[in-house]
Amino acid sequence: MINPFIDELQRNPQAADHTIVLKDGTRLDTRLHRSTDSQLLAHYFTHLSEATRRVYGPHPFTAEQAHAFCRDVNYADTLRFLALDGERIVAYFILRLGILNSDFDRYALRNQRLNDHTDCTLAPSVADDYQERGVGSALFPLLPQLAKQLGRKRIVLWGGVRADNPRAVHFYEKFGFVEWGQFKTKDTNNYDMLLEL
């Protein structure tokens, strides 16, 4: 059975629109991505620095990937939030309804059970020149509220967070995420973090 709010978003994506205000007074419009956002999203993906890409990688940051996301919009599976300063995307947050197999399996190895029907997965990113301006702090409070409306009880970080990114770890802790374990990928230590709603 489809959650009534998901059904509403499918019919009217503007139901998730908000305006946020940064600490410097900049106003950003936030909304779900739409089929018409292909060029804007492609520009965002292809203009992220290598440093930003290194700490955020749920999918390739290519124009082709942006076009695919805009061609196949499906709010019943994944909500892709955009924060825009005028016509420019300055932040991109993914809220996937459910759990990735890799995350599910990794938690299960520690006897921690995730639930595809009541948990969701988060992956945020912010444009390089908007980092440290409070975009994440202004945008993030909207996501748990929305997740609850969608019938979700917990938010899991998509692929965890790199231990060598203390700024990100602190950000998540500030909003109530707790560490649920550690794991290693290649030469990087990572934390699994989860937020109870």
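Taking the conditions (1) over 20 Å from residue 143 (Cα atoms); (2) open to solvent by less than 80 Å² (accessible area, probe 1.4 Å); (3) polar (S, T, N, Q) in turn, residue 30 satisfies each one other than (1). Is at least one residue of the range 168-180 charged (D, E, K, R) and closer than 19 Å to residue 104 by Cα? Checking the range 168-180: at least one residue is charged (D, E, K, R) and closer than 19 Å to residue 104 by Cα. Right, residue 138: farther than 14 Å from residue 197 by Cα and not in a helix (DSSP H, G or I) or not? In short, no.
Scanning the range 118-127 for residues that are of a type outside the set (Val, Ile, Thr) and modelled with pLDDT of 95 or more, which turns out surrounded by the fewest Cβ atoms within 10 Å (Cβ to Cβ)? Spell out the reasoning first.
Within the range 118-127, the subset of a type outside the set (Val, Ile, Thr) is 119-120, 122-125, 127.
Adding the requirement that they be modelled with pLDDT of 95 or more leaves 119-120, 122, 127.
On the way: 119: 23, 120: 27, 122: 22, 127: 20.
So, considering only residues that are of a type outside the set (Val, Ile, Thr) and modelled with pLDDT of 95 or more, the one surrounded by the fewest Cβ atoms within 10 Å (Cβ to Cβ) is 127.
Among the residues making up the range 154-197, those that are within 16 Å of residue 99 (Cβ to Cβ), part of a loop (DSSP other than H, G, I, E, B) and modelled with pLDDT of 95 or more are 177, 197.
Inside the range 8-27, residues that are assigned to a loop (DSSP other than H, G, I, E, B) and open to solvent by less than 80 Å² (accessible area, probe 1.4 Å) make up a count of 5.
Considering only residues of the range 51-86 that are at pLDDT below 95 and among the acidic types (Asp, Glu), which is farthest from residue 6 (Cα to Cα)? Going through the qualifying residues, I end up with 72. Filtering the range 167-188 to residues that are free of Cβ contacts under 8 Å to residues at least 60 places away in the same chain and open to solvent by less than 90 Å² (accessible area, probe 1.4 Å) leaves 169, 171, 172, 175, 176, 177, 178, 185, 188.
What number of residues within the range 49-89 satisfy the criterion of being in contact (Cβ under 8 Å) with a residue 40 or more places away in the chain, of a type outside the set (D, E, K, R) and either surrounded by 15 or more Cβ atoms within 10 Å (Cβ to Cβ) or within 25 Å of residue 190 (Cβ to Cβ) (or both)? Steps first, answer last, please.
Of all residues in the range 49-89, those in contact (Cβ under 8 Å) with a residue 40 or more places away in the chain come to 49, 51-52, 55-58, 73, 75-76, 79-85, 87-89.
Within this subset, residues satisfying the condition of being of a type outside the set (D, E, K, R) are 49, 51-52, 55-58, 73, 75-76, 79, 81-84, 89.
Retained after the next criterion (residues that are either surrounded by 15 or more Cβ atoms within 10 Å (Cβ to Cβ) or within 25 Å of residue 190 (Cβ to Cβ) (or both)): 49, 51-52, 55-58, 73, 75, 79, 81-84, 89.
Going through the range 49-89 one residue at a time, the tally reaches 15.
The values are calculated or read from the model by the stated rules, or taken from the named source; none is laboratory data. Predicted model, so just to flag it, every value in this text is computed and none were measured. Reconstructed Cβ throughout: ideal geometry from the backbone, glycine too, with neighbour counts over all protein chains shown. Only protein heavy atoms, including side chains, enter the accessible area calculation; ligands, DNA and RNA are left aside. Shrake-Rupley method; radii C 1.70, N 1.55, O 1.52, S 1.80 Å.
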